[in-house]
Amino acid sequence: MGLIKIMEYDKWLKEKSLDYKDGVLYHAGINTIDLAKKYGTPLYVVNEELIRKRYQHLKTFLSSHYEQNEIHYAVKANSHLAVLKILKSEGASVDCSSVGEVYACLKAGFTPDKIIYTGNMFTDDDFRFAVKNDILVNLDSISQLPRLAKIYAELDKQKDTISFRINPEFGAGHHSHTITAGKDIKFGILDNQVIEAYSKAKNLGFKSFGTHIHIGSGILDPIDYDKAINKYFTIIMKLADRLDLKFDFIDYGGGLGIPYKQTQDPIDIERYLDIILNPFLKLMNKEDFGSPTVKIEPGRYLVGESTIILTQINTIKDNGYKKFAGVDAGFHTLVRPTMYGSYHHIISCRNPNQKKEQYSIAGPICESGDILGEARMLPPLREEDYLAILDAGAYGFTMTSVYNSRPRPAEILLNDGKSYLIREKETLEDLFRLQKIPKHLK
Ligand code: LLP
């Protein structure tokens, strides 16, 4: 365990491109109150520069460890086409978990060779879409292999590369729902199935091979990868020895966490890369298992800190026991606090230095669980003030809902001192556009 080096609060905010000028919160150098007034609230506010910065940082470190690498951005974290285009322009590849995400990436201009499709519980239609579009499929079960092969034949396509998601049995993550390895977990194939999987793939005529793991999400201490990586390499060596396989790529999945709290250290990238790459580099020196590309699939790390949600206070309620600040964002806008008990730091858009009071920040959804932050110390708040909910760039907008018939919010992008509307606020009419009324009810 490294020493905890708690960052100064102002510096911690600055790392997320936030600071106060004359008592007003600025994001990427832009006045947040002006943004809230111009675009309305709740409002997702994405800082382009921070996404680029995180990507470049990770890429530089990774390349200094091993040149032949590819960063596949995990699209499920944030699938906005503008975000995809930003990462594309940086040279990123992408990791998709559904046909919808593959579609988004093709629409954003990614070429098929940059896309890996790691689904689970694939349907034949999923396979058809992937094979038609020349997308590499990373399988999740041996039983899917003959079905995929059949679809290659049906579409008269050449079988090229195949990969399996391996479950290395040691997982990690910020919540039990985000730990994705272990014998009782639905993902991937276990050690005792890998020989069968890859020999079947070989026999079916696949020409080249990759391997994949993803052990979980929201990992801040790189040591959490250690056991899984050791197991992964035992499996890789077994495959290389017994089946004489050469690997096109070795994929480590994503999982890198971000400091949602000031008391959390950012993940030590150097140490993470040491842990995941040392066993690989050692083997490269003495064994012949090809010269694989190293792939990683970060989602949260690249986009999580880029985004705040601006929300307006409509109700201050003191019930004599507890003080609530009621806002227009709720778990339909950001579900992570309710779904995982996740902490998102919440700050006031003005007067940060006044003597703090304790508030629960409550959304408008008709459920007691609609609390975005419990017992938060904030300057005295008034109705019509604005708050900013931090670190909402990953699994924020992509997990929004229209529960309680509340339309989704607008999204804006900040770049070079300017703001751009990148998604309009949904209208009430949008909520009902796809519904149909049978004749007898008209
Ligand atoms: N690769 C695969 C195959 C994945 O399943 C995931 C995330 C990633 C990469 C990216 O993981 P990341 O680097 O973002 O940790 N909704 C949850 C997170 C679920 C993550 C699912 N898989 C949350 O809000 O915390």
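The values are calculated or read from the model by the stated rules, or taken from the named source; none is laboratory data. Values in this document were obtained by computation on a predicted structure and should not be read as measured data. FYI the Cβ positions are ideal-geometry reconstructions off the backbone, even for glycines, and counts take in every protein chain you see.
When you check residue 164 against the structure, is it within 16 Å of the ligand (Cβ to nearest atom), in a strand (DSSP E or B), surrounded by 19 or more Cβ atoms within 10 Å (Cβ to Cβ) and among the hydrophobic types (A, V, I, L, M, F, W, C), yes or no?
It is true that residue 164 is within 16 Å of the ligand (Cβ to nearest atom), in a strand (DSSP E or B), surrounded by 19 or more Cβ atoms within 10 Å (Cβ to Cβ) and among the hydrophobic types (A, V, I, L, M, F, W, C).
Mind listing just one residue for me: the one in the range 176-194 that is surrounded by 15 or more Cβ atoms within 10 Å (Cβ to Cβ) and in a helix (DSSP H, G or I) and, of those, modelled with the lowest pLDDT?
This residue is 178.
Report yes if some residue within the range 77-90 is among the polar types (S, T, N, Q), buried (at least 19 other Cβ atoms within 10 Å of the Cβ), touching a residue at least 24 places away in the same chain (Cβ under 8 Å) and in a loop (DSSP other than H, G, I, E, B); otherwise report no.
Within the range 77-90, one or more residues are among the polar types (S, T, N, Q), buried (at least 19 other Cβ atoms within 10 Å of the Cβ), touching a residue at least 24 places away in the same chain (Cβ under 8 Å) and in a loop (DSSP other than H, G, I, E, B).
If I filter the range 331-342 down to residues being in contact with a strand residue (DSSP E or B) (Cβ under 7 Å, 6 or more places away or on another chain) and in a loop (DSSP other than H, G, I, E, B), which single residue comes out as surrounded by the most Cβ atoms within 10 Å (Cβ to Cβ)?
Among residues in the range 331-342 that are in contact with a strand residue (DSSP E or B) (Cβ under 7 Å, 6 or more places away or on another chain) and in a loop (DSSP other than H, G, I, E, B), the one surrounded by the most Cβ atoms within 10 Å (Cβ to Cβ) is 333.
Does the range 262-269 include one or more residues that are among the hydrophobic types (A, V, I, L, M, F, W, C) and within 21 Å of the chain's Cα centre (by Cα)?
Yes, there is a match, as at least one residue in the range 262-269 is among the hydrophobic types (A, V, I, L, M, F, W, C) and within 21 Å of the chain's Cα centre (by Cα).
Is it true that some residue in the range 400-423 is surrounded by 14 or more Cβ atoms within 10 Å (Cβ to Cβ) and within 16 Å of the ligand (Cβ to nearest atom)?
yes
Kindly indicate whether residue 92 is touching a strand residue (DSSP E or B) at 6+ places or on another chain (Cβ under 7 Å) and either within 24 Å of residue 164 (Cβ to Cβ) or modelled with pLDDT of 95 or more (or both).
yes
Would you call residue 221 surrounded by fewer than 19 Cβ atoms within 10 Å (Cβ to Cβ), closer than 26 Å to residue 392 by Cα, within 16 Å of the ligand (Cβ to nearest atom) and of a type in the set (Asp, Glu)?
Against the criterion (surrounded by fewer than 19 Cβ atoms within 10 Å (Cβ to Cβ), closer than 26 Å to residue 392 by Cα, within 16 Å of the ligand (Cβ to nearest atom) and of a type in the set (Asp, Glu)), residue 221 qualifies.
Restricting to the range 14-35, name every residue that is surrounded by fewer than 22 Cβ atoms within 10 Å (Cβ to Cβ) and part of a helix (DSSP H, G or I).
Residues satisfying the conditions are 14, 15, 33, 34.
Of all residues in the range 241-261 being outside any loop (DSSP other than H, G, I, E, B) and surrounded by 18 or more Cβ atoms within 10 Å (Cβ to Cβ), which is nearest to the ligand (Cβ to nearest atom)?
Among them, the one singled out is 256.
Only residues in the range 326-350 that are free of Cβ contacts under 8 Å to residues at least 60 places away in the same chain and assigned by TED's automatic domain parsing to the domain that holds residue 390 count as the first member; pair them with residues that are more than 16 Å from the ligand (Cβ to nearest atom) and of a type in the set (Ser, Thr, Tyr), Cβ under 6 angstrom, at least 6 apart or cross-chain, and list the lot.
As it stands, the answer is 326/315, since those pairs meet every condition given.
Every residue in the range 195-218 that is crowded, with 20+ Cβ neighbours inside 10 Å, part of a strand (DSSP E or B) and more than 16 Å from the ligand (Cβ to nearest atom), please.
209
So for the range 57-74 (the condition being in a helix (DSSP H, G or I) and under 16 Å from the mean Cα position of the chain (by Cα)), does at least one residue qualify?
For the range 57-74, residues in a helix (DSSP H, G or I) and under 16 Å from the mean Cα position of the chain (by Cα): present.
Kindly establish whether residue 315 is modelled with pLDDT of 95 or more, more than 16 Å from the ligand (Cβ to nearest atom) and crowded, with 22+ Cβ neighbours inside 10 Å.
no
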